[in-house]
Amino acid sequence: MSDEIIPYANKIVTMIEQARQNALHSVNAELIKLYWNVGEYLSAESAKSDWGDAFINATAEYIIKNCPGIKGFNRRGLYRMRQFYETYKENEFVSALLTQISWTNHLQIMSGTKSVEEKEFYLSLCAKEKYSSRELERQLKSAYYQRYMLSTQTISPVETLNREDIRFLDNYVLEFLDLPDKFSEDDLKKAIVQNLKNFVLEAGKDFSFVGDEYRVQAGNSDFYIDLLFYHRGLSCLVAFELKIDKFQPEFISKMDFYLEALDREHRKPNENPSIGVILCASKEDEVVEFAMSRNLSPTMVADYSLKLIDKKLLEKKLREFKDALLARD
């Protein structure tokens, strides 16, 4: 085959793949609509029938006996369809999202969340990020919703772009790194690079990896940023500095230096100022506040955990946080 034909052939392959994706999305949308309609019918009939839930049991038995080729409409499946309808029937906010998400993900969200707000959060996140069932499962286990809601990280480019929906985490859960009890900063960096897909899932899918040990220059000297990403939503470079120790105020000045070098030599005219994230083993909020009080650079300090956080503890903290906000009003 002549090399000249390759771009044209690739174009056709892209068209085929896009058509396949469109077909899958269409099939999923019709399937979710079917489950919704079945759930609505079961909800109405079981409510007015003298049988109550026995109506669903009898329906499942009939389908299994008379239509053995139809899968997924057993007793458990029908109850889930009714639950699906009754969970969201009065929620206009999520109505447009329901057909964008797979049935498997819907089941995970219904069983793995408690509040309406938490369900809405994961539905929106799944629709936006196109999570697989495994990716969603990981976010549920790591209490991503609770950590996101408790995060207070705010940065000037977010306000500039009017993107309040973009938030950086105060705590990153890196249990997937499988590090030994004792490790160096270099070990931490290498483990993140080797598990980049999981790290991006934790940080947010808007992150695109640029490089590790990213070189910046000042005068005749070379300096190296641990990890450099590009954030598509914020249109800016994001530098991550990794520390295996507790946060120290002097970490800020080093990050300021990196951000200045990035903005002077690497930032493009259409991009926003670079952002820095200092990822530490631990931090004291008051020390961070003092260190950041006179700092003008868009820098954040977060800590990380190498095992899953106690979700019940985070839920308790989140309730306390919401109660405090209500008390202010």
Residue count for the range 95-113, restricted to those that are outside any helix (DSSP H, G or I) and either under 16 Å from GLY39 (Cβ atoms) or in contact (Cβ under 8 Å) with a residue 12 or more places away in the chain (or both): 5
Out of all the residues in the range 191-202, which are part of a helix (DSSP H, G or I) and either touching a Phe, Trp or Tyr at 6+ places or on another chain (Cβ under 6 Å) or without any contact (Cβ under 8 Å) to a residue 40 or more places away in the chain (or both)? ALA191, ILE192, VAL193, GLN194, LEU196, LYS197, ASN198, PHE199, VAL200, GLU202
Is there a residue being of a type in the set (A, V, I, L, M) and modelled with pLDDT of 80 or more anywhere in the range 5-21? yes
Can you confirm whether LYS205 is assigned to a loop (DSSP other than H, G, I, E, B), basic (Lys, Arg), at pLDDT below 95 and farther than 18 Å from ILE278 by Cα? yes
Considering only strands (runs of 3 or more DSSP E) wholly within the range 213-329, the ones with at least 2 residues that are under 21 Å from LEU201 (Cα atoms) and small (Gly, Ala, Ser) are 299-305
When you check ASN37 against the structure, is it in a helix (DSSP H, G or I), of a type in the set (S, T, N, Q) and farther than 22 Å from LEU123 by Cβ, yes or no? no
Inspect the range 125-141 for any residue being under 12 Å from the mean Cα position of the chain (by Cα), within 22 Å of CYS280 (Cβ to Cβ) and either modelled with pLDDT under 70 or not hydroxyl-bearing (Ser, Thr, Tyr) (or both) and give the result as yes or no. no
Which residues, taken from the range 232-268, are more than 27 Å from the chain's Cα centre (by Cα) and among the acidic types (Asp, Glu)? GLU250, ASP256, GLU260, ASP263, GLU265
State whether one or more residues within the range 183-190 are surrounded by 20 or more Cβ atoms within 10 Å (Cβ to Cβ) and assigned to a helix (DSSP H, G or I). yes
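Each row is one residue, and each column tells you yes or no for (1) surrounded by fewer than 12 Cβ atoms within 10 Å (Cβ to Cβ); (2) closer than 21 Å to LEU107 by Cα.
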| residue | (1), (2) |
| --- | --- |
| ALA23 | yes, no |
| ALA29 | no, yes |
| LYS33 | no, yes |
| SER43 | no, yes |
| GLY52 | yes, no |
| PHE55 | no, no |
| LYS65 | yes, no |
| LYS71 | yes, yes |
| ASN74 | no, yes |
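For every residue, the table says whether it meets (1) among the hydroxyl-bearing types (Ser, Thr, Tyr); (2) in contact with a His (Cβ under 9 Å, 6 or more places away or on another chain); (3) exposed (fewer than 12 other Cβ atoms within 10 Å of the Cβ).
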position	(1), (2), (3)
ASP222	no, no, yes
LEU242	no, no, no
LYS254	no, no, no
VAL287	no, no, no
THR299	yes, no, no
ALA302	no, no, no
SER305	yes, no, no
ILE309	no, no, no
GLU315	no, no, no
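The values are calculated or read from the model by the stated rules, or taken from the named source; none is laboratory data. Since we're looking at a predicted model, the values are computed, not measured. Here the Cβ is made from the backbone with ideal geometry for all residues, glycine too, and neighbour counts use every protein chain on show.
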